[in-house]
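Okay, structure first, notes after.
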Amino acid sequence: MSIPGISTLASLLRMLKAEQKERADAAKSQIAGWIRVRQDDEFKRLIVEDTVITTRVEKRLLDVDTRLEGLEELIAGSVHPSTTPQTEPSAITAATDAGVTALIEEAVSYMRRNILEVATEKLLELRNSPHWPSMTPRQRFRIVANLGQCKTRIEEFGRALAYFEEALLHQPDDIEAQALVATAHFSAGDDKEAERRAREILEQHPDTPFAHLVLIRLDDTDTSTEDIWNGLPPSVKYDVNILATTAWRAHRLMEFDFALFLASEGIKDEANRLGFEVLQNVVAVNRIYVAHENHLVRSPEETSVLEAAISRFETLAEQIVAEPGRQHRGQFYFYYAGALRLLGKAQEASHVYKQAVRAWPAATDIGRQYAQLLRDLGEIDEAIEALQANSFHSSDPKSCVFLSFLLADRDTHEDREVAAELLSGVVQDGVEVDLRELSNAIKLLGLLRSKQGSVDGVIDKIRTLSRADLSQAHRDALIATCYGVAKNFEEADSHARLAVSQLLPTDDETAWIDAALACRGCKLHAEAVAAFSQIVTPQSPLNQIEWLLESAYHSDSVGAILNFCSKLREDGVFLEEAIDLEVYNREKYSDIDGALEVLDAYIALNNNDDFTKLVKLRKALIGAIHDRPEVAKLPIEELPTWEEATPEIGKMVVVLLRERGDSELALDYAYRLLQKNHDSADAHRAFLTACGEPGKEHSLPSFESAQPGAAVEYMDVSSGDIAAWILEDSSLVDRNRRELDLSHPTAQDLLGKSLGDEFLLRTSGTQRHHGRILRIISKYQYVYKDIMDNWQERFPDDPQVQRFSSVNADGDPDFSPIFQILDHRAAVTAQLHKVYKDNPLSVTSFAAMSGVDAFDATSHLAAQGDIDIRCCQGNELEYDQALLRTGLSSQLVLCESAIATLWQTQIWKSLNHTPTLIVNLGVMQQVRRKALDGTFLGKGFLSKVGEQYRYDEYDPELINARDTEFRDFYQWLASHSQAENGLALADLSPHKRKYLTEFFGFGAAQTIATAMKFNLVLWTDDLTIAEVSRIELNVERTWTEIVVQNLANLGQLSAAVLTENIARLNGCRYTHARLTPDAILASAQIANWDYSAWPFPSVVTWCGRPEVNRFGIAKVSAHALPLLYAAAPSVDAAHRMSKAMLEGVLTIGEGKYILRAIRKNLHRLFDCDTDAYSDCDGLIGYLLKSHL
């Protein structure tokens, strides 16, 4: 008697023998190097990183033989009724149909409780019963199918498939049986047969969940998981196994949002089943969060799903205790602990991990996870004990490496010796260890050997290891690391550079990481960024992301920072460090919109945590600083309170409040912050910031009598000592800060008293001591003076505030410290002038060296009278080309030197029509800040003129008029320009960016880069900037004189205004402004016909410049004479102006010849004006005679 379908099974056996063995061997070869094989008395198990890969590999490598064996038994008839050994009479002998069903249910009940040994025994007893032939097909199906399920649970997939194939023979039309066979083929690794059978099932029964499950698992196309799930029949979409499987696929394809949705749907099932479906579903949820482990911040949706999963675990935990299946309980606790750990509940996770280890001590993964958690908690001894007790096997390289790290953490001499011996056993030929573990072992061994004296032995091992997967670039990287820990930095640097230069795209990820780390260790951060960028993604481990960002920061690789941080956000990864770094750089490079976008993206997560509060504060502060009031509106209740804020954060709050105009609130906040953090320099700075700049008027409360919030200065009537008490109205009272609580007896006696009144100071026995009130001021004024007087004593290493005494030891006035400062300042200024004159420095470079902005530097140089502002070379070709390109330009990039020129010369007032001006946002912010704060600092200034020391007090009306005018200038600039961020500078190489910023300052460097990026003409009045921009970045330029000349050529500027503008440029000694006769006349008129008044002295200087063409000087000065005589209010005034101008001509070598030539042509110059002619002729004659 033969079993129906035996030929089919025989064919399957032949196929398996021929093909499956070959596939298994290929799989073994393919996974060599990344799979760990552990052998002991209980079982052989494959351990890999990914649980899905583990299962698939186990199917192919471990179960081929058992599958064949099961089929052979079936074909040979070893389990057929005709050959089944007869058993002793049992309960089955008299069993009815109902009795058989009851016995099957009994076996199934053991399966549900995971008591698989008993369930298998019961089912085999039924299977081998002599009553087997009389059982119904359904009963035979259930018996054999459940045997298959038992084999599946213990991962004997070959035997399971044999049982499922037989079950199908008993009920060939049963859809469940067909699905079981398809699933079994999938579990056994026969993907092609699994897919064929699944599709056959779905053709007839499209609502079969297990068939869909097989196809989802096998789908390796680019189709999104969401599309696959949406294409499923509605009746199966929410099946718990379908949800878990699609969540697994979504995770594998990094479709985390959709995976999260699927897991959420699965958790909604409240049935307290302990079946595989529930566990698998929770595993899927957990896997999503493992992938998101890099997220320092999770969305509320993610957190709620994870909390729901934990809640489910908690519910099932009461029932899982009764589970006899050790593996099942171990898995349950393992995933439960993982979920707790991901929510930051490390201590609770540690307790649950311990339960997992107890339930399933043979599972090395659980033991290592538990040990790793203990290590993270700093419990090194406990971690070592846990690993050695549960998961350590000397034959397992991974165990050896992990234990070595724990021993190295404990760092005793004995531990280092043991760890080095363990690692030496791993780092040798013949040991099967994956490349990552080998790399870790080598690096740790190098560190341990370096502490023992030499790494030469480790380096020799690296060079001689017979590993085909260890490339030469990787070897050099590991050698560099060993040299680095041994402090041989020269060799480390050399090998690190060599490693990076040899890396190939085909190299293992471990090689790239080790090469990048080697460069990072040698401070070759740019090279490290280049290597990290090849393999680090938003889904990489957190430490790799941090390494990349850290190296990018140190190498100033701004482009890499912004690009990678953008990818993190796009992928839903929000790390606090990345947010800080990206916002800092975007704000630094004036990308305010970009910075706000980053902060808004985080705020949109709706996380109610401390970091969110800081993000909102930072956003509001950016809005306040950059004139965006709608952004600066952050309710007071959402600001960090002074109780919870650190001094640094508190200072940010103070700045925000002041920027928003809440000065009183800022002062109160800063005062309380200082009370709470009186030892902090930042808290002191916050209070000084709240007080504002010295010399500015503040609205502080005034006191006619002693009241809460007042500081009362008094004299002890008995001793004559002078001191003060603050009548403190807050809860933070400290008498060491001279604060009195209002309930204190002294405070009670003080309240209400006025200047000159006495109060009870203290009582000594029967003697009463009184104090007399000398002054009553705001406590804020008192604290401000206290900070200024005591800063150096409290913070000797912080020179922000320096105090000088104006009284010597004898009590006499002594201002010598101030004079010394003025002497030093005068000497430094003279040296800066000399450096500027002797070298081709720019105004912006002078500003950077002087510690001032371009406006102050331009004003200072223009006021000296003997220092030129180098604007252009002065040749015809340069002038004509600039005029041509300016005429063709509809947009100009405005440099801060040109902005300073427009302000200093007041030319801006005449420019109603200009090309579109592009101004860097940072520069515009600088101008805005100056408009808000004023152009003058304080009420006056100290200076040294010659050998005299002077204090000049500003005229309040002059200050007000000047500040008002500058605010008008800012409004003009804002209305005639469009702001552009400075990201163009970030796109330049770090070397070129550093070069530009060091020489010209950050604002000028951003402006230059913007002109280059958009291929626009740069408007700069700085010759050095112009030349460097042209040579280094191929940027063409124009300057103010050319711009106003072009506007005149276009009819947008009158000739009179043009000449006045040229006169002003020359008056500020912009070289080489093209002085004309009309401009000389305009200079005289601006000077109100006073040859010593600005800007006429510059006319005199121009006429005597040796570099100016002699014919030009002769022509311009000659034609200026009749203009001066014609326009002057008197001949005498014309005479004085002409004399000054011609004396300038006489300072050059050919001056006398020029004057003689002019004199010969006076009759043509003056035509009929005989009086002017006569006076001028006499003047020239006098000058020639006096210069013989």
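The values are calculated or read from the model by the stated rules, or taken from the named source; none is laboratory data. None of these values were measured; they are calculated from a predicted model. Note that we place each Cβ from the backbone using ideal geometry, even for glycine, and neighbour counts take in every protein chain shown.
Taking segment 538-559 as the range and being crowded, with 22+ Cβ neighbours inside 10 Å and in a helix (DSSP H, G or I) as the test, the residues that pass are Ile545, Leu548, Leu549, Ser551, Ala552, Val558. Summed over segment 715-753, residues that are polar (S, T, N, Q) and within 23 Å of Asp786 (Cα to Cα) total 5.
Within segment 89-134, restricting attention to residues that are among the basic types (Lys, Arg) and at pLDDT below 85, the residue that is surrounded by the most Cβ atoms within 10 Å (Cβ to Cβ) is Arg113. Would you call Asn1034 polar (S, T, N, Q), in contact (Cβ under 8 Å) with a residue 24 or more places away in the chain, in the same structural domain as Asn912 (by TED's automatic domain parsing) and more than 15 Å from Leu892 (Cα to Cα)? For Asn1034, the condition - polar (S, T, N, Q), in contact (Cβ under 8 Å) with a residue 24 or more places away in the chain, in the same structural domain as Asn912 (by TED's automatic domain parsing) and more than 15 Å from Leu892 (Cα to Cα) - is not met. Considering segment 1087-1116 alone, what residues qualify as being buried (at least 18 other Cβ atoms within 10 Å of the Cβ) and farther than 21 Å from Ile1148 by Cβ? Scanning segment 1087-1116 gives Ala1087, Trp1089.
Starting from segment 124-140, keep only residues that are in contact (Cβ under 8 Å) with a residue 24 or more places away in the chain and under 18 Å from Tyr110 (Cα atoms), then list their pairs with residues that are loosely packed, with under 15 Cβ neighbours inside 10 Å and aromatic (Phe, Trp, Tyr) whose Cβ atoms are within a distance under 9 Å, requiring at least 6 positions of separation or different chains. Listed pairs, sorted by first residue: none to list.
What helices (runs of 4 or more DSSP H), lying completely within segment 1056-1175, carry at least 1 residues that are outside the structural domain of Gln873 (by TED's automatic domain parsing) and within 24 Å of Tyr879 (Cβ to Cβ)?
Working: elements: 1077-1086, 1096-1103, 1110-1127, 1131-1145, 1151-1160, 1162-1166.
Here the list reads 1077-1086, 1096-1103, 1110-1127, 1131-1145, 1151-1160.
Here Gly1051 clears all of (1) small (Gly, Ala, Ser); (2) at negative phi; (3) surrounded by fewer than 19 Cβ atoms within 10 Å (Cβ to Cβ) except the condition numbered (2).
Selection within segment 235-256: residues that are of a type in the set (Phe, Trp, Tyr) and modelled with pLDDT under 75. The member of this set that is nearest to Asp220 (Cα to Cα) is Trp248. With respect to the stated conditions, Trp547 fails to be outside the structural domain of Arg993 (by TED's automatic domain parsing), touching a Gly at 6+ places or on another chain (Cβ under 7 Å) and among the hydrophobic types (A, V, I, L, M, F, W, C).
Residues are listed down the side, and each one gets a yes or a no for (1) at positive phi; (2) surrounded by 19 or more Cβ atoms within 10 Å (Cβ to Cβ); (3) assigned to a helix (DSSP H, G or I):
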position: Glu417; (1), (2), (3): no, no, yes
position: Glu421; (1), (2), (3): no, no, yes
position: Gln428; (1), (2), (3): no, no, no
position: Arg449; (1), (2), (3): no, yes, yes
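Hey, could you check segment 616-661 for residues that are in a loop (DSSP other than H, G, I, E, B) and small (Gly, Ala, Ser) and say which is nearest to Ala974 (Cα to Cα)?
From segment 616-661, those in a loop (DSSP other than H, G, I, E, B) are 626-628, 633-635, 639-646, 660-661; that's our starting set.
Narrowing further to those that are small (Gly, Ala, Ser): 645, 661.
Working: Ala645: 37, Gly661: 22 Å.
Applying the filter and picking the extreme gives Gly661.
Quick one: count up the residues across segment 944-973 that are at pLDDT below 85 and surrounded by 14 or more Cβ atoms within 10 Å (Cβ to Cβ). Qualifying residue count for the region: 3.
Name the residues in segment 638-689 that are over 28 Å from Ile603 (Cβ atoms) and of a type in the set (Phe, Trp, Tyr), would you? Matches in segment 638-689: Tyr671, Phe687. Do we have any residue at all in segment 765-780 that's out of contact with any Asp or Glu (no Cβ under 6 Å at 6 or more places or on another chain), closer than 21 Å to Gln675 by Cα and part of a helix (DSSP H, G or I)? There is at least one residue in segment 765-780 that is out of contact with any Asp or Glu (no Cβ under 6 Å at 6 or more places or on another chain), closer than 21 Å to Gln675 by Cα and part of a helix (DSSP H, G or I). Here Gly158 fulfils each of the conditions (1) modelled with pLDDT of 85 or more; (2) assigned to a helix (DSSP H, G or I) apart from (1). Within segment 883-905, residues that are under 17 Å from Gln925 (Cβ atoms) sit with their Cβ atoms under 7 Å from residues that are aromatic (Phe, Trp, Tyr) and modelled with pLDDT under 95, at 6+ positions apart or across chains, in these pairs: Ala900/Phe855; Trp903/Phe855. Within segment 351-361, does at least one residue satisfy the condition of being in a helix (DSSP H, G or I) and either at pLDDT below 70 or among the small types (Gly, Ala, Ser) (or both)? Checked against the condition, which is being in a helix (DSSP H, G or I) and either at pLDDT below 70 or among the small types (Gly, Ala, Ser) (or both), segment 351-361 yields at least one hit. Look at (1) at pLDDT 50 or above; (2) more than 23 Å from Ala177 (Cα to Cα); (3) surrounded by 14 or more Cβ atoms within 10 Å (Cβ to Cβ); (4) not aromatic (Phe, Trp, Tyr) and you find that Leu61 fails only one, number (1). Surrounded by fewer than 20 Cβ atoms within 10 Å (Cβ to Cβ), at pLDDT below 80 and part of a helix (DSSP H, G or I): is that true of Gln372 in this structure? Considered against the rule, which asks whether it is surrounded by fewer than 20 Cβ atoms within 10 Å (Cβ to Cβ), at pLDDT below 80 and part of a helix (DSSP H, G or I), Gln372 comes out as no.
Would you list the helices (runs of 4 or more DSSP H) that sit entirely within segment 163-248 and hold 1 or more residues that are over 24 Å from Phe141 (Cβ atoms)?
Details: elements: 175-187, 191-204, 209-218, 225-230, 234-237.
Result: 191-204, 209-218, 225-230, 234-237.
Residues that are at pLDDT below 90 and of a type in the set (A, V, I, L, M, F, W, C) within segment 862-876 comprise Ala862, Ala863, listed in sequence order.
Quick one: which of Glu597, Glu582, Glu577, Glu570 is touching a Gly at 6+ places or on another chain (Cβ under 9 Å) and of a type outside the set (S, T, N, Q)?
Numbers: Glu597 fails: touching a Gly at 6+ places or on another chain (Cβ under 9 Å); Glu577 fails: touching a Gly at 6+ places or on another chain (Cβ under 9 Å); Glu570 fails: touching a Gly at 6+ places or on another chain (Cβ under 9 Å).
Among Glu597, Glu582, Glu577, Glu570, only Glu582 is touching a Gly at 6+ places or on another chain (Cβ under 9 Å) and of a type outside the set (S, T, N, Q).
With respect to the stated conditions, Lys613 fails to be part of a helix (DSSP H, G or I) and without any contact (Cβ under 8 Å) to a residue 24 or more places away in the chain. Here segment 1024-1040 is the region considered, the condition is being part of a helix (DSSP H, G or I) and more than 10 Å from Cys872 (Cα to Cα), and the residue that is farthest from the chain's Cα centre (by Cα) is Thr1040. Within segment 1019-1034, being crowded, with 24+ Cβ neighbours inside 10 Å and either more than 10 Å from Ser897 (Cβ to Cβ) or small (Gly, Ala, Ser) (or both) holds for Ala1026, Ser1029.
In segment 1010-1023, what residues are within 17 Å of Gln978 (Cβ to Cβ), among the aliphatic types (A, V, I, L, M) and part of a helix (DSSP H, G or I)? Listed by number, the list holds a single entry, Ala1011.
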